[in-house]
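Structure, as structure tokens:
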Amino acid sequence: MNFSVPFEIENSPFFLPSDFKETLDGGQSFRWREVGENAFEGVFEDIAARLLLNGRGKVCAQVPEGFDQEKCAKKIADFLDAERDYAKITKNHKDERVVKAAKRFPTLRILRQTPQEAIICFICSSSKRIVQIKQCVSLLSEKLGDEIAPNFHALPNFEKIADAPIEILRDCKLGFRADYLKRTAQKIVSDKFNPESLREMPYQEAKKYLLSLSGVGEKVADCILLFGAAKFEAFPVDTWISKSMAALYDLKTPKDARAFASKQFGANAGYIQQLLFADIRSNP
DNA sequence: CCCCAGGTGGGAG
DNA sequence: CTCCCACCTGGG
């Protein structure tokens, strides 16, 4: 597999190495694997890439032979949400707990995945560890997705999943999630629902639809909306965030945590969630 | 061998 | 509405 010579992503955001890793491989996406110092290989949409961090904290990319570098550079910048000013969100934030987490992860970002990728990956994620989720998603891509470059597979679309024999999904080590995924794919196909439309829908309406899908509850719906549709008001509460919210704010239930986040963090709750998540996971 | 993990669904209380 | 536990599977 021949990669192009590395080229710098113009207008790449600045990353500290630790935040680069946390962003790509910290639970937002399950499609990246570390291949060396500050280097990750992975796939998003129909792009395969190796992403590197140069000495100035800028992202450089290598893409497979035959990939249009200019087009890929633009897509990678979008994927890294290059346009958004994250520092502004936490600068002068009134909550010192948020400021403290932001200081530990000053260049953390939210990846802009597609709704389709997020729906598939987060249905696979329930009650699993990151390494296991990555394995499932990778198997799913290998068995049902298109090979977009040698040994790089895109995720399958919902038609493919809907039509796949359940045994194939079982072979992806999905366990009980295999039925969730197949039922969800079938529903999306029969509804003629375009996942991309989630981006345009208001948060509540989008969430309502997602909750009608099999294997999608509050937590998974919020992950899909935050990581797959850039809805920053989404505040996914998993066990880590539950712990964090209990420790920092004495909030005992996911419901309380969501209500608090919506009220106190508002339109940027999702980013603050990611900071608190990274923080409590790094020193529990 | 036993236990649980970055949840959800469905039934009981 | 809130509990509670089964659900697959791999790894500790």
query = What is the extension gain from A:Ala39 to A:Lys192, computed as 0.36 nm multiplied by their sequence separation minus the C-alpha to C-alpha distance, in nm to one decimal?
reply = 51.2 nm
query = Taking only C-alpha pairs under 8 Å that are 6+ residues apart, what is the relative contact order of chain A in percent?
reply = 17
inquiry  = Give the residue list of trypsin sites (Lys or Arg not before Pro) in segment A:22-100 that are DSSP loop and have at most 16 other beta-carbon atoms within 10 angstrom.
reply    = A:Arg56, A:Lys58, A:Arg84, A:Lys91, A:Lys94
remark   = Carbon and sulfur atoms account, in whole percent of the 1.4 Å probe accessible area of chain A, for 49
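Computed FRET efficiency, Cβ-Cβ of A:Lys91 and A:Lys58, R0 30 Å: what is it to the nearest 0.05?
So, using R0 = 30 Å, E works out to roughly 0.90.
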task = Mind jotting down the three principal axis lengths of segment A:115-229 based on Cα atoms? Whole angstrom, largest first.
result = 38, 27, 24
remark   = The answer for chain A, accessible area per residue at 1.4 Å probe in Å², is 46
inquiry  = Run the numbers for A:Lys21 and A:Thr239: contour at 0.36 nm per residue of separation, minus the present Cα-Cα distance, in nm.
reply    = 76.3 nm
query = Taking H as built 1.01 Å from N, whose amide H comes closer than 5 Å to the amide H of A:Cys60, not counting residues under 5 places away?
reply = A:Ile9, A:Leu52, A:Leu53, A:Asn54
remark   = Residue-normalised 222 nm signal for chain A, counting each DSSP H run of n ≥ 4 as -39,500 (n - 2.57), nearest 500 deg cm²/dmol, is -14500 deg cm²/dmol
query = Working out 0.36 nm times the residue gap between A:Ile148 and A:Glu218, then minus their Cα-Cα distance, what length gain in nm do you get to one decimal?
reply = 21.9 nm
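The values are calculated or read from the model by the stated rules, or taken from the named source; none is laboratory data. Predicted model only: the values in this text are computed from it and were never measured. Counting neighbours? That spans all protein chains shown, and the Cβs are built from the backbone with ideal geometry, glycine included. Ligands, DNA and RNA are excluded from the accessible area calculation, which covers all protein heavy atoms including side chains. Shrake-Rupley method; radii C 1.70, N 1.55, O 1.52, S 1.80 Å.
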